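Chemist: Following this message is one structure expressed as C-alpha cells.
The values are calculated or read from the model by the stated rules, or taken from the named source; none is laboratory data. Keep in mind that this is a model prediction, so the values were computed, not measured. When we count neighbours, we look across all protein chains shown, and the Cβ atoms used for this are built from the backbone with ideal geometry, even at glycine.
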Amino acid sequence: MNKILGIFGLLIFVCLFTTVLNDSFVGQYNLYNTTRWSALFGILSIGVAFVIITGGIDLSIGSVVGLVACLLPMLVVGNGYSPTSAVIIVLLISAAIGLLHGLLITRLDLQPFVVTLCGLLFYRGFARWLTDDDTLGFGQDHDGLRLLAIGKPCSWATMLLGGGVCLFLYGLWKLRRLRSEADSDDSHHDAKKISAWSIPLIGVLLAVAGASRFFLGWDSGPGTSLIEVGGYRIRSLGIEVSDAGAAMPSTVMKYVGTFLFVPTLVVFLRWAWQSDSRRIKKPSALVLVSLVLLALCVWQLVPLYRSAGGDDRWQVGAIIVSGEMLKNTLMMIVFVVVGGVIGSVGWLISAAGTASKKSKALTPALVATGVMALLGQTQLAATMVPMPMLIMIALAVVAAIFLNRTVYGRYLLALGRNEEAARYSGINTKRMIVVAYVLCSLAAGLGGILFALDVNSVQPSGFGNFYELYAIAAAVLGGCSLRGGEGNILGVVIGAAVMRVLYNAINILGISTKLEFAIIGMVILAGAIVDVVVKRIVAKRAVLAAEGVDTEPPVGAD
Amino acid sequence: MSVTQGKNPRPLLEVRSLGKRFPGVRALHNINLTLMPGEVLALVGENGAGKSTLMKILAGVQPPDEGQILIDQTPVAIDSVADAMRLGITLIHQELNLADNLSVGANIFLGREPTRFGLIDREKIVHESRRHLASVGLKVDPLTLVRELTIGRQQMVEIAKALSIDARVLIMDEPTSSLSQREAEALFEVVHGLREHGVSVIYISHRLAEVETLADRVAVMRDGENAGELVGDQINHDAMVSRMVGRDVSRFYERTIRTGQTPQGTGQTPQGTGQVAEGTEQATEATPALEVIDLVVPDHPKHKVSFEVMPGEIVGVAGLVGAGRTEMLRCLFGVTQPLGGTVRINGRRVQLRSPKDAIASGMGLVPEDRKEQGLVIDFSVRTNVSLASLSDKARGGCWINFAAESDDTTDSIDRLRIKTPTADQVVRYLSGGNQQKVVLGKWLAMNPKILLLDEPTRGIDIGAKEEIYRLMETLAAQGLAILFVSSEMEEVIAMSDRTLVMHEGEITGQLVGDEIGEEQIMNLATGVTSR
C-alpha cells in the first residue's frame, strides 16, 4: 500500500511539475496521447510483472513486439488473412514463444536471462529476415482492425461514471460484509467502518462528476465505430453534449474535490494529532513551509519562466544571464519546491497513518478528493479514452484478480520468493513458471499488435527496441522486486504511466531529447534510493517504538 | 602447559554492558563477558538468547548500540570484520564461509594473497597452507577444491585460515551441528591444541555434552542478558539447563501417551536382524499407514529399504549424519525419484512423482532445513500455513478461500501455541521454535495421514521442543503415522515406539520398546553388529 502511494506520489509530482511549467501538458491533445502510450506500455509491463514475480526476467519483449508487429501486416496485407484470424495467429505465436521460454527454463534449467537474451536477438533477426527490412503498414485500409488501437470509445467522464458505479457497488458489498461481522468486538471497528463507508461515497462522487456531463442536455448523434469483427461493427452510443457540458465534470470535480478535500484533511490531521501529536508535528510544519514556497514560486517565478525567451538577456547584479540559463535555473527551483511539497505531504500522510488507525482508514478518501481537485484543473474529463486504455484496464483487472484472488497467483508469489519451499508444499512450480512466461509473451504479443496498428509504419530493425527495458523499469518502479515474490498490478500500471509521463515531460518542456535516457535513468535510481532510505527509516523507527517492550519474541538473534 | 588462567589473570577480551536492538526487539542488554588467554569459554543459551548476535558484534559483522569492548584492557572499536581480524578475533560461522569453487590454499589466503611481481605467488600459498593445515591435523593437498572436502574437513580449513592470520580469539558458532561423531572428536582435539598454543576459544553450542567435556568456563545467556557463569566442577547438564530456561527442568521429556501399535510379528524380532519387512502380508490385522518395500533411494543405489509405519505409531529413524535418512524421506515425499521398489499407503500402491503426489496421498514433510524448504520466510504466518492446503480448499478449483485460510491460521496458532503478534506477522521475525510450528501448522491444515519429520527440533529451544514432542504424541493418539528422523539420541529414545537405525543408506536394524537404548542404536548406526 505504501509503495503504491509512493509511486503514485511520484506520478503526481511529475505531472504537477510539468503542468506548472507548461500547461499544454493537461490539454486534451497531449492527455489523449499520453494516456494511449501509457496504456500500450502498461500492457507490456503487466506481462513482465508476472515473470519478475517468479524471480525471472524476460528480455525478449521488445523483439516479440517487433516480430508481431511485422507478422500482423504481413498476414493481413501481404497474404490476405482476415484480421480476426491474423490476430489469433500472432497471439498463438507469441504464446508459443512464451511456452518455449518457459520449457527451456524449467526443463533444461537454463537461466531466464540467457534464454530471453537469445530470444531478443533471434526474434529481431528473424523479423528482419522475414520482411527483408522493408517498412510495413496497413495503409489506408483495415480501419476496422486499426480501431483496436486508435478507436475512441468514450470520454473520460463516462469512464468516471462507470468507475464510480463499480466502486459504489463494491463498497456496498464490503459494507454488507462488515455488518455481518459487526457483533465481534473489535478495537479497530471504527477504522474499519470509516474505510468501508468511504469507498461507496467516493464511488458516488466520481459517478456524479462523470454524469454531470449530461446536466446541460444532450443529443443523440450517429456515433462512431468502435471495433469491427468479422464484418460486425460495434458503434458507440453517439451521445453528444455541448462544449459547456463536456467541461462540467472538470468543474464539478474542481469544486467538489476541493471543498471535500479541505475538511477531510482537517479531520485526518485532527485524528492523527489526537492520538500522537509528536509524530506529525515535524511533517506538518514542513508541509506549511513548502506550500508557502510553492505559492511564491507560482506567483513570481512561473510568469518569469513563461515570458523568458531563449535570446533574451537579463541583468542580475553584475552577471548577464541568457534566457535559456534563466529558464533552466527557474525550472530547477520549481522542481525542488514541487518535490518538497509532494515529499512532505507524503511524509505527513504516512506519519498520520501510523499515528492513528482512523486516519489511515481515511487515506483513500483523502487521496481521492485530492486527486479529484487536481483532475478538475485539467481537461481530462473532456478528453476521449483511447481504446488501448480500455484494453489495458480490462487486462489489469483480470491480472490483479489472478494474482491476488486465485491460488495460482499465490503460487507465483510463493515460488518467486522460495521455489524449494513452494515445491515442498506440493506446488507444481515448473508448470507455474511456464505459465508466467506464456502470460508475459502473450501480453507482449497483444502489445505488439496494438503498437503496430497504432503506428501503422513498422520498421523491422528498430520497432520495439528497448521496450523490454521500459516494461521492466515500470514493473520495478511499481514495486516488483527482481528477487521475486513481490509485486502488485496497480503499482505496475502506475509505474508504466510514470515512465511515459516522464518521456512526455521531456518533450513538452523542450529539454533535449538526447537527455531522455539520462533523465529516466536518474528518476528510477532516485526512486530506488528513496525506497531503500524509507525502509531504513521505518526499521529504525520500529526499534525506537519497541524500546521497553519485551512482549515480542526475539528477532534476528541466533 | 595447561590452562594459563592462574598465571595470567589479565583478561584478553572484555565486554562491558553491551546492548543491541533490532526492529521490534532488544537482542542484547547489559552483557558482560571476560575471556582469559588460552581459555575455552562456552556460551550457551536457548535460541534467541542473543548468543549469535553477541558473537557477530565481536567479529565486527554488526555494530553494538551501547557498551564497550576491551582488548588487553584497551577499549577498541570493532566496526568491520577487517577491524576484528586486525585485533585477532575470528568468527567461524554456523554456515561456513568458504568459496567452495576455490582451492583450500586459495581460501586460506583469500583477500591477502602473497604476491610476487604483482602476481599471486602460488608456491608460497601451497607451502604456507601446508604448514597451517598441519597445525590442525588436516592432511589434504592445498590445491584440492574446497567443495570436494567433507563438511568436517571444511571446518578444519576455516580454523587453519583463522590460525594463519594469528587469531587470538576464535569464535565457533555451533561447529558440530553438521559434523559426524568422528569429525566432531577431531574438532575437539584441535580445540584442545589451540588452547595449548594460547589461543582463546569462544564455543557456542546447543550440545551440552560437548560443552561439559570441552569448556573451562561456561557463560549462560537468557533473553539477551547474562544468566550466570559456571566454572570447573559446576559445569554439568542440569546446572546449565536450569540457568538457560530460568527454572529447574527434568532431564528429558517423558512420553505420557503411548498408543502406538507396533506391527505384529516384528515386535518379537530380536534386535538388529535386518528382517524388517518380514511377514507383513499375513501377520498384521491392521493395514500399515505407510508400507515401503524394497525402495531404492537414488543417493544409495546399492541398498533396498523396507519398513512400515502403523497408524498411531511413532517410528524414529536414527543414524549418523550421512546415513541416508534425509535422502530416504525426500525420496518418500517425491522430491527425488526412487530407482525401484513399492510404496503403499493404507494398503494402496502409490506412485510418488512429486511432493504434490505425496501430499495428495496424505503425507506431509517437515523438512530438515525449514528456512529453505519448509517456509517462505518473508511471507506471513497466514500465507505459510495455507500454502499446502490452498488448492484443496479453493472454491471452484482456483479461487482462494480466504475464510478457510483465516480459520486454518487461527486454528494453528491456537493449537500449536504459535507465539506471534498477528496472523500477518512475517515468519522471519518469529523464533526458531515458532517457525517450526508454522511448518507443522501447514501440514495440520491438510489433515495428513502420515507425517514425515526430519530433525523436527533442530535449532529450537527446550520449551518449544517439549511442545513439539507433546504435539507428536497427540497426533499419534489421533491415529497419525509419524516417521521422524533425528540425530539427537535422547529424542529418539524418548519418543519412538519403534526405532529404525540406518547406516550408509541401509536399515541395519530396528529396535522396539525397551530395546531402544543409546548403546544399541550406536552399534547399529556404526554398522558394528548389523549382521
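Chemist: Of all residues being under 18 Å from B:GLY463 (Cβ atoms) and free of Cβ contacts under 8 Å to residues at least 40 places away in the same chain in the stretch B:416-433, which is farthest from the other protein chains (Cβ to nearest Cβ)? Just the residue, please.
Modeler: Of the stretch B:416-433, the ones under 18 Å from B:GLY463 (Cβ atoms) are B:416-420, B:430-433.
Still in the list and also free of Cβ contacts under 8 Å to residues at least 40 places away in the same chain: B:418-420.
Numbers: B:ILE418: 10, B:LYS419: 5, B:THR420: 8 Å.
Only one residue tops the list, namely B:ILE418.
Chemist: Can you find a residue that is among the charged types (D, E, K, R) and buried (at least 24 other Cβ atoms within 10 Å of the Cβ) anywhere in the stretch A:441-454?
Modeler: First, pick out the residues of the stretch A:441-454 that are among the charged types (D, E, K, R): A:454.
Filter once more, keeping what is buried (at least 24 other Cβ atoms within 10 Å of the Cβ): none.
Scanning the stretch A:441-454, I find no residue that is among the charged types (D, E, K, R) and buried (at least 24 other Cβ atoms within 10 Å of the Cβ), so the answer is no.
Chemist: Assess whether A:THR369 counts as being at pLDDT below 90 and more than 13 Å from every other protein chain (Cβ to nearest Cβ). Let's see the steps before the verdict.
Modeler: On the way: at pLDDT below 90: no; more than 13 Å from every other protein chain (Cβ to nearest Cβ): yes.
When the stated conditions are applied, A:THR369 does not pass them.
Chemist: Hey, another quick one. Would you confirm whether any residue within the stretch A:435-451 is within 14 Å of chain B (Cβ to nearest Cβ) and of a type in the set (S, T, N, Q)? Talk me through it step by step, then tell me what you get.
Modeler: Going through the stretch A:435-451, the residues within 14 Å of chain B (Cβ to nearest Cβ) turn out to be A:435.
Within this subset, residues satisfying the condition of being of a type in the set (S, T, N, Q) are none.
No - not one qualifying residue is present in the stretch A:435-451.
Chemist: Which residue out of A:ASP550, A:ASP531 is modelled with pLDDT under 90, within 14 Å of chain B (Cβ to nearest Cβ) and farther than 25 Å from A:LEU72 by Cβ?
Modeler: On the way: A:ASP531 fails: within 14 Å of chain B (Cβ to nearest Cβ).
Answer to the check: A:ASP550.
Chemist: Which of the numbered conditions does A:LEU110 fail, given that it passes all the others? Conditions: (1) of a type in the set (A, V, I, L, M); (2) surrounded by 14 or more Cβ atoms within 10 Å (Cβ to Cβ); (3) touching a residue at least 12 places away in the same chain (Cβ under 8 Å).
Modeler: Failed condition: (3).
Chemist: Going by what's in this entry, would A:PHE259 be described as modelled with pLDDT of 90 or more, within 30 Å of A:CYS154 (Cβ to Cβ) and more than 26 Å from the chain's Cα centre (by Cα)?
Modeler: Details: modelled with pLDDT of 90 or more: yes; within 30 Å of A:CYS154 (Cβ to Cβ): yes; more than 26 Å from the chain's Cα centre (by Cα): yes.
Yes, satisfied.
Chemist: What do you reckon, is A:ALA474 modelled with pLDDT of 90 or more, in contact with a Ser or Thr (Cβ under 8 Å, 6 or more places away or on another chain) and in a helix (DSSP H, G or I)?
Modeler: Details: modelled with pLDDT of 90 or more: yes; in contact with a Ser or Thr (Cβ under 8 Å, 6 or more places away or on another chain): yes; in a helix (DSSP H, G or I): yes.
Spelling it out, A:ALA474 is indeed modelled with pLDDT of 90 or more, in contact with a Ser or Thr (Cβ under 8 Å, 6 or more places away or on another chain) and in a helix (DSSP H, G or I).
Chemist: Also, quick follow-up: I'd like to know if the stretch B:417-437 contains one or more residues that are assigned to a helix (DSSP H, G or I), small (Gly, Ala, Ser) and over 29 Å from B:ALA323 (Cβ atoms). It would help to see each step written out before you state the result.
Modeler: Of all residues in the stretch B:417-437, those assigned to a helix (DSSP H, G or I) come to B:427-429, B:432-437.
Cutting the leftovers down to small (Gly, Ala, Ser) gives us B:432-433.
Among the residues that remain, those that are also over 29 Å from B:ALA323 (Cβ atoms) are: none.
No; the residues of the stretch B:417-437 include none that is assigned to a helix (DSSP H, G or I), small (Gly, Ala, Ser) and over 29 Å from B:ALA323 (Cβ atoms).
Chemist: Would you mind listing the helices (runs of 4 or more DSSP H) fully within the stretch A:95-209 where at least 1 residues are at pLDDT 80 or above, charged (D, E, K, R) and closer than 25 Å to A:LEU439 by Cβ?
Modeler: On the way: elements: A:112-131, A:143-150, A:156-180.
Of the helices (runs of 4 or more DSSP H) lying wholly inside the stretch A:95-209, those with at least 1 residues that are at pLDDT 80 or above, charged (D, E, K, R) and closer than 25 Å to A:LEU439 by Cβ span A:112-131.
Chemist: Specify which of the listed residues (A:VAL14, A:VAL76) is in a helix (DSSP H, G or I) and farther than 30 Å from A:LEU366 by Cβ. Can you show your working first?
Modeler: Details: A:VAL14 fails: farther than 30 Å from A:LEU366 by Cβ.
One residue alone meets the criteria, A:VAL76.
Chemist: Further, regarding this structure: Has the stretch B:480-488 got at least one residue that is away from every other protein chain (no Cβ under 14 Å), of a type outside the set (Ser, Thr, Tyr) and free of Cβ contacts under 8 Å to residues at least 40 places away in the same chain? Explain how you work it out, then say what you get.
Modeler: Taking the stretch B:480-488 first, the residues away from every other protein chain (no Cβ under 14 Å) are B:480-488.
Now drop any that are not of a type outside the set (Ser, Thr, Tyr), which leaves B:480-485, B:488.
Filter once more, keeping what is free of Cβ contacts under 8 Å to residues at least 40 places away in the same chain: B:488.
Yes, some residue in the stretch B:480-488 is away from every other protein chain (no Cβ under 14 Å), of a type outside the set (Ser, Thr, Tyr) and free of Cβ contacts under 8 Å to residues at least 40 places away in the same chain.
Chemist: Within the stretch B:385-400, how many residues turn out to be assigned to a loop (DSSP other than H, G, I, E, B) and either closer than 21 Å to A:ARG423 by Cβ or at the interface with another protein chain (Cβ under 9 Å from one of its Cβ atoms) (or both)? Can you show your working first?
Modeler: Filtering the stretch B:385-400 down to residues assigned to a loop (DSSP other than H, G, I, E, B) leaves B:387-389, B:394, B:396-398, B:400.
Right, trim to either closer than 21 Å to A:ARG423 by Cβ or at the interface with another protein chain (Cβ under 9 Å from one of its Cβ atoms) (or both) and you get B:387-389, B:394, B:397-398, B:400.
Of the residues in that region, 7 qualify.
Chemist: Determine, yes or no, whether A:VAL266 is modelled with pLDDT of 85 or more, crowded, with 16+ Cβ neighbours inside 10 Å and more than 30 Å from A:PRO222 (Cβ to Cβ).
Modeler: Working: modelled with pLDDT of 85 or more: yes; crowded, with 16+ Cβ neighbours inside 10 Å: no; more than 30 Å from A:PRO222 (Cβ to Cβ): yes.
No; evaluated as a whole, the condition is false for this residue.
Chemist: Residue by residue through the stretch A:407-434, note down the ones that are within 12 Å of chain B (Cβ to nearest Cβ), assigned to a helix (DSSP H, G or I) and among the β-branched types (Val, Ile, Thr).
Modeler: Matches in the stretch A:407-434: A:VAL407, A:THR429.
Chemist: As an exercise: evaluate A:ALA505 against (1) away from chain B (no Cβ under 14 Å); (2) surrounded by 24 or more Cβ atoms within 10 Å (Cβ to Cβ) and give the number of the one condition it does not meet.
Modeler: The failed condition is (2).
Chemist: Now a separate question. Which condition from (1) within 22 Å of the chain's Cα centre (by Cα); (2) buried (at least 20 other Cβ atoms within 10 Å of the Cβ) is the one that B:GLU490 breaks?
Modeler: Every condition holds for B:GLU490 apart from (2).
Chemist: Of B:ARG153, B:ARG112, which residue is at pLDDT below 85 and closer than 17 Å to B:HIS93 by Cβ?
Modeler: Working: B:ARG112 fails: closer than 17 Å to B:HIS93 by Cβ.
Exactly one residue qualifies, and that residue is B:ARG153.
Chemist: Are any of the residues in the stretch B:151-162 exposed (fewer than 14 other Cβ atoms within 10 Å of the Cβ) and over 25 Å from B:GLY38 (Cβ atoms)?
Modeler: Initial filter on the stretch B:151-162 (exposed (fewer than 14 other Cβ atoms within 10 Å of the Cβ)): none.
Within the stretch B:151-162 (the criterion being exposed (fewer than 14 other Cβ atoms within 10 Å of the Cβ) and over 25 Å from B:GLY38 (Cβ atoms)), the answer is no, since none of the residues qualifies.
Chemist: Would you say A:ILE391 is in contact (Cβ under 8 Å) with a residue 12 or more places away in the chain and closer than 25 Å to A:LEU31 by Cα?
Modeler: Values: in contact (Cβ under 8 Å) with a residue 12 or more places away in the chain: yes; closer than 25 Å to A:LEU31 by Cα: yes.
Criteria met by A:ILE391.
Chemist: Taking the stretch B:70-123 only, how many residues are in contact (Cβ under 8 Å) with a residue 24 or more places away in the chain and either part of a helix (DSSP H, G or I) or not assigned by TED's automatic domain parsing to the domain that holds B:VAL146 (or both)?
Modeler: The qualifying residues number 6.
Chemist: Also, quick follow-up: So, of the residues in the stretch B:345-384 that are polar (S, T, N, Q) and in a helix (DSSP H, G or I), which turns out to be nearest to the other protein chains (Cβ to nearest Cβ)?
Modeler: Initial filter on the stretch B:345-384 (polar (S, T, N, Q)): B:346, B:351, B:354, B:361, B:373, B:380, B:383-384.
Now narrow it down to the ones that are in a helix (DSSP H, G or I): B:373, B:383-384.
Details: B:GLN373: 5, B:THR383: 7, B:ASN384: 8 Å.
Restricting to residues being polar (S, T, N, Q) and in a helix (DSSP H, G or I), the top hit is B:GLN373.
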